Amino acid sequence: MAVMASASSSSSSSASGGSPKRRRVEASKASWPRLLGVKVPERPLLLATDTGGTLGAADALGDLGVPFRYLFASEADLPTLNLLMNQHPSCVPESVFGGTVGRDRGGLCRVTGKWQAVPKVQLDLYIACSGTHSANPDRFFAAVKYIAEYLPKAVILEDLMAACRPDHAGNLAADAIIALLEQAGPYEVDAFMVNTADYGLPQRRLRIYYVMVQKSVLRPWYLHKQDPLGRLRESLAQLRRRLSTAPLEAEHLLLHCEGACSTGGHLCCSSSDATFLSTTPSTSQAEPQAASESAPSRAPATMASENLSLLQGLMAMSPNMASLHQRFRRQLGLSLEDNSYFESAGARLVQCLRSVREADLCQIHWLKARKEGREVRFVSTTQDVHRAQVSFTGEIPPLTAHTRLWSYRLQRCLGGREMMALQGFALSKWSFESVSESSLCRVASNAMAVNGIAALLAALLSGSDFGAPGERDLDSEAQQMRERRRTQLSDLRQHELLSDWRRKYAALRRRLDGMRYRSAFGA
């Protein structure tokens, strides 16, 4: 099976020389199945999610209008568990467990409050965010064990782009992962590269998705083709073309999301590119504006010195970090004494940031953009100054673990609800009172992007026929074969089986020699 890359090109800009027309960036996801000619299943699909896939999968199916029954979810992160239990009742799983490794022995269900086993049924959809490049690779092997034991009809596993980076021998980790997944059961396996910016979100978030579909579920006319999952790839490309719009604007999306801007959603600075947005000051900006109006006689130099003095209250930079910032300024040809951004936005920086390092990082990239005659829109303050991801368009840099994004137009960091909205979540379905703001930012950064998983699900439905229970692949002979397989696997100890999968994966990494899939994938 050749592995093909798909759907990774960025949204095309307007061909005309003028500025593109601003409009809502996202078409309703409920129309995506109709765009692809998908017949929505009449019966509810059986869904289960694991580790990071718990947030996003149910939202995606609900937005697509696909009926589903959420059997169980496994999630080890406590804030994510709290969010999962406080969403719309239609999206709350019937059972919620605290982890994936060792769950065959049963676990405490957060819904019933009792110790119970994982439901032993064949799922229609099993979705997990557990690649080998995650913080705990054993979650991936636990997911593979579950797939081999219960044989879900369709599986979607999310992984980082690091799986497509060749090692010293030129091998790709994605090749070994696909070869391992092919050993888990009678599946057609392929990998897809998805950029959420292609599907209606203002975020350049590239992820690898391993898609596994049972041969009995694929429509018969695709089984005899050289690429049985080619229909899925064609549907993704068709959906991307149909959803192509003008350049996406994160600020524009936030202002249309009711309740998204928890700290004020209006612009704090004027810009010729922001005339389509309201410039009315928010409540969080009312006090600084009132103070400036009450003392109009103060000279700008006095206000600038006050802003600089406020920055002294932030956590100071270490000598090594200060030296790094100075070297970076010299490389960019910037003056070491230029504090123009501190003088104009120092009060906002002090209010939203925690350290002088973060404030100086925002200032350096603002000075760099001013020198180049460009407008910088967003910068990630969690990385070092020379590695910080910067956006000069309306698309935000990709959200990763512990990401903090500074918006130069809003003059503040984006809040947790805003980051959830930028991941495609419908905020009206969620209750955020049980999660702190910092935890919500981390949960939003780690969650699957709803639009990306929705595009994959819509494309999957276009080439698959899940049918009704008892049809085709659920005859008595198939049930007996699965039961024998499940009994054989269950007799092994959990740690022994995980070690076996790890050994298989290591052997595949040594044996592939970069020849099996690399010509078609990861280039």
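For this structure, a couple of remarks:
- Of LYS114/LYS504; LYS29/LYS504; LYS153/LYS429; LYS215/LYS504; LYS120/LYS504; LYS429/LYS504, pairs whose Cα-Cα distance is over 32 Å: LYS114/LYS504; LYS29/LYS504; LYS429/LYS504
- Rg/Rh for region 349-411, where both radii come from Cα atoms and Rh is the Kirkwood radius: 0.92
- Calculated FRET efficiency for the pair SER436/ALA162, C-beta based, R₀ 45 Å, to 0.05: 0.95
- Element breakdown for region 378-427 at a 1.4 angstrom probe: carbon and sulfur atoms account for 44% of the accessible area.
- Rounded accessible area of GLU337 (nearest 10 Å², 1.4 Å probe): 150 Å²
- Probe 1.4 Å, protein heavy atoms only - accessible area per residue of region 127-198 in square angstrom: 23 Å²
- Sorted on the mean count of surrounding Cβ atoms within 10 Å across their residues, most packed first, peptides 500-506, 460-466 read 460-466, 500-506.
- Ranked by the mean number of other Cβ atoms within 10 Å per residue, highest first, peptides 443-454, 318-329 order as 443-454, 318-329.
- In nm, spacing of pseudo-spin labels at SER318 and GLU372 (7 Å Cα→C-beta vector): 2.8 nm
- Stretched out straight at 0.36 nm per residue, the stretch from LYS504 to ALA76 would grow longer than its current Cα-Cα span by 151.5 nm.
- Fully extended contour minus Cα-Cα distance, from SER244 to SER28, at 0.36 nm per residue: 76.4 nm
- Subtracting the Cα-Cα distance of PHE392 and VAL92 from 0.36 nm times their residue separation leaves 104.2 nm of extension gain.
- Proportion of all alpha-carbon pairs of region 387-474 beyond 14 Å (%): 72 percent
The values are calculated or read from the model by the stated rules, or taken from the named source; none is laboratory data. Computed from a prediction, not measured in an experiment: that's the story for all the values here. Note: ideal-geometry Cβ built from the backbone for every residue, glycine included; neighbour counts use all protein chains shown. For accessibility, only protein heavy atoms count, side chains too; no ligands or nucleic acids. Shrake-Rupley method; radii C 1.70, N 1.55, O 1.52, S 1.80 Å.
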